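Here is the structure we will look at, set down as structure tokens.
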Amino acid sequence: MNIMNSVLRYGAENIASELRRGIINGEILVSEKLPAERELAEKFRVSRGTVRSALSKLEKEKFIEIKPGSGAFVIYETSTIPVSEVKNANPLELIDARFALEPHICRLAVLHGKKEQFQKLETLVDAMAKSVKDPTQFASADTAFHQVLADCTGNNLLIWIINQINSVRGQDEWTKARHLTLNDNIIRTYNIQHNQILLAIKSREPEKAASFMKEHLEIARLSLTRAAGT
């Protein structure tokens, strides 16, 4: 389970979000046993009490069942969720879908985001700022930034949708688009916009955050449109 490989320090909400995303995305399968509390505490660099709080939250949300003496087991079924339309969408279609969702995600992040989630966003903004010359590293931090924004909403459906959109970024068409669009100038522009979005969210200005996100996605769409014409 590659979601366990984070080097960031997590709180209970972050751990729950990571595990929830893995379950929804099918990385952790139904009936699969999660690692022991001790192992999760070591992976996420937190106390066992923090892990226990995260698992308790997931149990209340019906993602897992905790069996005393045996461990935590996934009970959330994903097999009936249709994902083919997302997997088959091209980059421009996905940008349009993000345009419909992510400005409002910013509003919800203002309302429901936690301090530790904002700290994680800051870490990712810093990582992107250091990746101007490394499009692959930038793209990885960029994907994580938008996923954490969704996590801030606490809305499992939005979290799942953004996770599905992010899951196709490794496909050939996205890789080609990244090579065509991510130059030094566009990365610097995106970094400015990500920072504006984060500052507006931390300042609890939902409409300002939504407006910055719209501007960001408009630039991304324009860049993809130009790349598609080459």
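Among the residues that make up the stretch 155-162, is at least one of them outside any helix (DSSP H, G or I) and more than 20 Å from residue 88 (Cα to Cα)? Yes, there is a match, as at least one residue in the stretch 155-162 is outside any helix (DSSP H, G or I) and more than 20 Å from residue 88 (Cα to Cα). Remark: residue 199 falls outside the filter, which requires a residue to be crowded, with 18+ Cβ neighbours inside 10 Å, among the aliphatic types (A, V, I, L, M) and in a helix (DSSP H, G or I). Screening residue 59 against (1) in a helix (DSSP H, G or I); (2) loosely packed, with under 13 Cβ neighbours inside 10 Å; (3) out of contact with any helix residue (DSSP H, G or I) (no Cβ under 9 Å at 6 or more places or on another chain) leaves a single unmet condition, (2).
Residue 193 meets each of the listed conditions (1) at pLDDT below 85; (2) under 19 Å from residue 141 (Cβ atoms); (3) over 14 Å from the mean Cα position of the chain (by Cα) apart from (1). Taken over the stretch 118-147, the residue count meeting the criterion of being in contact with a Ser or Thr (Cβ under 8 Å, 6 or more places away or on another chain) and buried (at least 17 other Cβ atoms within 10 Å of the Cβ) is 2. Restricting attention to the stretch 1-28, the residues being among the hydrophobic types (A, V, I, L, M, F, W, C), modelled with pLDDT under 75 and closer than 14 Å to residue 54 by Cβ number 2.
Just for the stretch 38-56: of the residues that are of a type in the set (A, V, I, L, M, F, W, C) and assigned to a helix (DSSP H, G or I), which one is surrounded by the fewest Cβ atoms within 10 Å (Cβ to Cβ)? Result: 41. In the stretch 62-70, the condition of being within 24 Å of residue 167 (Cβ to Cβ) and either touching a Pro at 6+ places or on another chain (Cβ under 7 Å) or of a type outside the set (Lys, Arg) (or both) is met by at least one residue.
The values are calculated or read from the model by the stated rules, or taken from the named source; none is laboratory data. These numbers come from a predicted model, not from an experiment. With ideal geometry, Cβ positions are generated from the backbone for all residues, glycine too; neighbour counts draw on all protein chains shown.
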